[in-house]
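Asks: This structure is in structure tokens; I'll ask about it shortly.
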Amino acid sequence: MSLVSAKEMLQKAKAGKYAVGQFNINNLEWTKAVLLTAQECSSPVILGVSEGAGKYMCGYNTVVGMVKGMMETLGITVPVALHLDHGSYEGAMKCIEAGFSSVMFDGSHYPIDENIEKTKEIIRIAGEKGISVEAEVGSIGGEEDGVVGGGEVADPDECKQIADLGVDMLAAGIGNIHGVYPENWQGLNFDVLAQIQEKTGTMPLVLHGGTGIPEEMVKKAITLGVSKVNVNTECQLSFAAATRQYIEEGKDKQGKGFDPRKLLAPGTEAIKATVKEKMELFGSVGKA
Ligand SMILES: [Zn+2]
């Protein structure tokens, strides 16, 4: 199956009151782990690529080639969207050109009028190719790959303005943060989420910063209209912990344990376990 836009899978998720996970990828192992788990769980999936990760993987063309080749070789039949995460205007244009099936344009740091103008332009160009578009209102807190957000709570009226432009999914700050949450975190603002949901109707809403939000809050957010949850840091932590354990146990020094295919295997398995856990939590298992 070739890459698909995220539009249809998210509309189905919204109607079915579950969420599709966006799992950010960093390299071949990451991509393989996420694709295999989605197939095993018979779940739709969104592969997220930040601009930094795109650069790390040698550009968007490389990413598209790797993902498409892998899907064919692994026999992946579940719906897969390849999505630019927190894209700039220029980054979104490059990904549309390279063959991504979905892009996020994060104009949340612009004044609302400029965010609207630029989002409209991206929608027009992406729309011609059937590529889905995510927009953001009210910047999401914390730092992700050099993109620093102020952690504002979105204005529901601004959310409606952007939703009405014809985006396919909308990210709105509701107290969520990228990376690890501080101990004194106040939790998600469900009142604002409910207001946004009320104003934007059937628009699938996106929850960024999925790592460390208590499971009950994630579930509640899904009942309030969240249809896409982004997971990034959690896979990184799982991968690092499993790799650390392998080395601390001295396994890289036993036989050919230094072989990268062996050295990276526990981390890859750990990503798979985390992705599966998230798909179960989001309710997307069996929805492909
Ligand atoms: Zn994000």
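Values quoted throughout were computed directly from the atomic coordinates according to the rules given, and no laboratory measurement underlies them. Quick caveat: nothing in here was measured; it's all calculated off a predicted structure. Cβ: placed from backbone, ideal geometry, glycine included. Neighbour counts: every protein chain shown.
Asks: What does the charge dipole of region 85-225 about its Cα centre add up to, to the nearest 20 debye, if the Cβ of each Lys and Arg holds +1 and the Cβ of each Asp and Glu holds -1?
Replies: Roughly 380 debye, rounded to the nearest 20.
Asks: Hey, another quick one. How big is the dipole moment of region 31-112 about its Cα centre under a simple scheme where the beta carbon of each Lys and Arg is +1, that of each Asp and Glu is -1, and everything else is neutral? Debye, nearest 20, please.
Replies: 140 debye
Asks: Give me the distance between the Cα centres of region 229-262 and region 66-93, rounded to whole Å.
Replies: Computed from Cα coordinates, the inter-centre distance equals 25 Å.
Asks: Once the principal axes of the Cα atoms of region 1-56 are found, what is the range along each, listed largest first in whole angstroms?
Replies: 36, 24, 20
Asks: Taking every DSSP beta bridge that has both residues in the chain, what percent is antiparallel when rounded to the nearest 5?
Replies: Percentage antiparallel, nearest 5: 10.
Asks: State log₁₀ I(q)/I(0) for region 166-209 at q = 0.16, 0.25 Å⁻¹ as given by the Debye formula over alpha-carbon point scatterers of equal weight, solvent excluded.
Replies: -0.46, -0.91
Asks: Starting with the fewest neighbours, write out 185, 30 ranked by other beta-carbon atoms found within 10 Å of each beta-carbon.
Replies: 185, 30
Asks: Quick one: Debye curve from the alpha-carbon atoms of the chain only, equal weights, vacuum; give me log10 I(q)/I(0) at q = 0.09 Å⁻¹ to two decimals.
Replies: Log10 of I(q)/I(0), two decimals: -0.39.
Asks: Another question about this same structure. Within 10 Å of each residue's Cβ, count the other Cβ atoms and sort 85, 157, 252 from fewest upward.
Replies: 157, 252, 85
Asks: Given the options 170, 241, 187, identify the residue whose Cα lies farthest towards the positive end of the charge dipole of region 116-263 (+1 on Cβ of Lys, Arg; -1 on Cβ of Asp, Glu).
Replies: Of the options given, the answer is 241.
Asks: Most exposed first by the Cβ proxy, i.e. fewest other Cβ within 10 Å, how do 83, 109, 208 rank?
Replies: With the sparsest Cβ surroundings first, the list reads 109, 83, 208.
Asks: Mind putting a number on the dipole of the chain about its Cα centre? Charges go on the C-beta only, +1 for Lys and Arg and -1 for Asp and Glu, and I need it in Debye to the nearest 20.
Replies: Dipole about the Cα centre, nearest 20: 1180 debye.
Asks: Going through the cross-link list 55/276; 14/272; 12/272; 7/262; 199/219; 12/220, which pairs have a Cα-Cα distance over 30 Å in this structure?
Replies: 7/262
Asks: Straight-line reach from residue 68: which lysines have Cα under 17 Å away, leaving out those fewer than 8 places along the same chain?
Replies: Partners within reach: 32.
Asks: Where in the chain are the helices, taken as whole DSSP H runs, whose Cα atoms extend 30 angstrom or more along the long axis and whose Kyte-Doolittle mean reaches at least -1.0?
Replies: none
Asks: Per residue of the chain, what 222 nm ellipticity follows from adding -39500 (n - 2.57) for every DSSP H run with n ≥ 4, rounded to the nearest 500?
Replies: -14500 deg cm²/dmol
Asks: Among 49, 67, 275, whose mean-square fluctuation peaks in a Gaussian network model of the chain (Cα, cutoff 10 Å)?
Replies: 67
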